[in-house]
Amino acid sequence: MTALTPERRRRIIIDAIGIGAATGAYAISFGAISVAAGLSVLQTQALSSLMFTGASQFAMVGVLGAGGGAVTAIAIATLLGSRNALYALHMSTVLRPRGWRRLAAAQLTIDESTGMAIGHQDDPPSSRLAFWSTGVAVFVLWNLGTLVGALGADVLGNPARFGLDAAIPAAFLALLWPRLVSRLTRTVAVLSAAVALILTPLLPSGTPVLVAGAIAVTIGVLLSRGAQETEEFGQKAVGS
Amino acid sequence: MIWATVLIGSISAFALKFAGFVIPERFLTTTTMRRVTLLIPVSLLAGLLVVQTFSSGSTLVIDARVVGLGAATVSLALRAPLLVAVLSAAASAALVRYLGWLP
């Protein structure tokens, strides 16, 4: 691929809108799940515009809905968002933003925008356009989708009747799926699932996931020591 | 209480994103640090997924959510988009409940 020709510019923007539309549709389920978990429409909307990182948002409403404590919910959401720091580190070298742009770039640093920017890293101007256009498209449509879902669930009532409680684990599975690309990630996933289940009857709601995470990630790092680094940003841009 | 949780969680999420733009690169780029950061989502999502399928409070249960998770697995294996996976889970769980097969 070559520099930022008008044709490439158009293609990047069309792709960005496509990704935005897909995540926006997904946001409808987030909005509905969040209201079903007991958050108000406004609180749900605050998560989508302020937190703006899908996996953390799903985790927070999932833990709160299951009766977990505030500290556990914040801890899980924050840990899930830690990968964004790594994305931001990469994006800071591509964007080199100053002033308010730095704040905006930080808020828009998610799986999709970083993934698109990396997809166009052969040409820095294209990469920057890919980041900003995808970030803005996802932000706008993610928030719009959230509002539709939240208002919809508010009208429907009784979440279990519509299987919304089953939608939460499905959302986690969908976010996990593209990450199960290597034996290491699959091992860590199975280990975490097993430990979390075993600890569920023993510890307060939400904490089994954290303890399982600490154990599984430690073992995963020990297992991978000395191995080639294969995964970098290998995950496909799915879920924010 | 929910508001405080939402706002503190949001501030933490932003702080992590912003940190990547302001702190020197060497703090985050050790191989171990990278692996930890990439494995954390895998681990937490897997844990959340099973706990939110098989638990009610601190009791392990089997109910309609299992069917929902099965439907989502099939959808994803067939390369369906995220929304389809989530909708198929909700619809199948609602159906087995309506039919009275599982609580």
Task: Dipole-positive endmost among A:Leu223, B:Met33, A:Ser182 within the protein assembly as shown (Cβ charges, Cα centre) - done: B:Met33
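Total Å² of accessible surface buried at the B-A contact, 1.4 Å probe, nearest 100? Let's see the in-between values first.
On the way: alone 8520 and 12870 Å², together 14450 Å².
Approximately 6900 Å² gets buried when B meets A.
State the dimensionless ratio Rg/Rh of region B:62-103 (Rg: radius of gyration of Cα atoms; Rh: Kirkwood radius).
On the way: Rg = 10.0 Å, Rh = 9.9 Å.
Across region B:62-103, the Cα-based Rg/Rh ratio is 1.01.
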Task: Cα-based convex hull volume of region B:1-46 per residue, rounded to whole Å³ - done: 80
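Largest first and in whole Å, what are the equivalent-ellipsoid semi-axes of chain A based on the Cα gyration tensor, each being the root of 5 times an eigenvalue?
On the way: eigenvalues 185, 120, 43 Å².
Square roots of five times the eigenvalues give 30, 25, 15 Å.
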Open item on the list: Would you work out the Kirkwood radius for region A:97-224? I mean one over the mean of 1/r across all pairs of different Cα atoms, in Å.
Closed with: 18.1
Task: Amide H within-cut-off set for B:Ser56, under 5 Å, with H built and near neighbours excluded - done: B:Val61
TODO: Express the Stokes-Einstein translational diffusion coefficient of chain B in µm² s⁻¹, to the nearest whole number, given a Kirkwood radius over alpha-carbon pairs, 25 °C and a viscosity of 0.890 mPa s.
DONE: 145
Open item on the list: Need one value: the accessible area of A:Thr187 in square angstrom, 1.4 angstrom probe, rounded to the nearest 10.
Closed with: 60
TODO: Calculate the spin-label point distance for A:Asp154 paired with B:Arg79, positioning each point 7 Å from the Cα along the beta-carbon direction, and give it in nanometres.
DONE: 4.0
Task: Sorted largest first, extent of region A:1-118 alpha carbons per principal axis (Å) - done: 52, 27, 23
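Taking a 1.4 Å probe, which of A:Ser48, B:Ser56 shows the most accessible area, and what order do the others take after it?
Values: A:Ser48 0, B:Ser56 65 Å².
The residues order as B:Ser56, A:Ser48, largest area first.
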- [ ] State the percent of C-alpha pairs, over all pairs in region A:89-151, separated by a distance greater than 18 angstrom.
- [x] 35
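The values are calculated or read from the model by the stated rules, or taken from the named source; none is laboratory data. Since the model is a prediction, treat every value here as computed from it, not as a measurement. Note: ideal-geometry Cβ built from the backbone for every residue, glycine included; neighbour counts use all protein chains shown. Areas reflect the complete protein model, heavy atoms only, side chains present, ligands, DNA and RNA absent. Shrake-Rupley method; radii C 1.70, N 1.55, O 1.52, S 1.80 Å.
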